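Please read the structure below before turning to the comments.
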Amino acid sequence: MNDVHVVVPYGIDDPRRPSGGNVYDRRACRGLAALGWSVHEHTVPGRWPRPDAPARSRRQRLSDWAQTSRELSAVLSEVAR
């Protein structure tokens, strides 16, 4: 099984905070799961799309061990088909 780690903003599912990015993230995660991927979400608090310093720091730590953007782009391309 393939694993993918996804960093999402706190409140991604809050209907009071609609965002095209949140919709895209949800679709991508559902599509990956439907393809058999194990999707691990990591919620990052803070003001989005302009995060504060603690949120940027947490996002950086998460991205250090998450999938590379090239691998994720390849997977998302597969989901979009």
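The values are calculated or read from the model by the stated rules, or taken from the named source; none is laboratory data. Here the structure is a predicted model, which means the values were calculated and not measured. Using ideal geometry, Cβ is built from the backbone for each residue, glycine included, and neighbour counts are taken over all protein chains shown.
Condition (residue is in a loop (DSSP other than H, G, I, E, B), surrounded by fewer than 12 Cβ atoms within 10 Å (Cβ to Cβ), touching a strand residue (DSSP E or B) at 6+ places or on another chain (Cβ under 8 Å) and at pLDDT below 75) applied to segment 52-75: is it met by at least one residue? No, that holds for no residue.
For every residue, the table says whether it meets (1) loosely packed, with under 12 Cβ neighbours inside 10 Å; (2) touching a residue at least 60 places away in the same chain (Cβ under 8 Å).
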site: H5; (1), (2): no, yes
site: Y10; (1), (2): no, no
site: D13; (1), (2): yes, no
site: V23; (1), (2): yes, no
site: A34; (1), (2): yes, no
site: V39; (1), (2): no, no
site: P45; (1), (2): no, no
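Just one of (1) part of a helix (DSSP H, G or I); (2) at pLDDT below 85; (3) among the aliphatic types (A, V, I, L, M) fails for V6. It is (1). Looking at this structure, is A28 surrounded by 14 or more Cβ atoms within 10 Å (Cβ to Cβ), out of contact with any Asp or Glu (no Cβ under 9 Å at 6 or more places or on another chain), modelled with pLDDT of 85 or more and among the small types (G, A, S)? Against the criterion (surrounded by 14 or more Cβ atoms within 10 Å (Cβ to Cβ), out of contact with any Asp or Glu (no Cβ under 9 Å at 6 or more places or on another chain), modelled with pLDDT of 85 or more and among the small types (G, A, S)), A28 qualifies.
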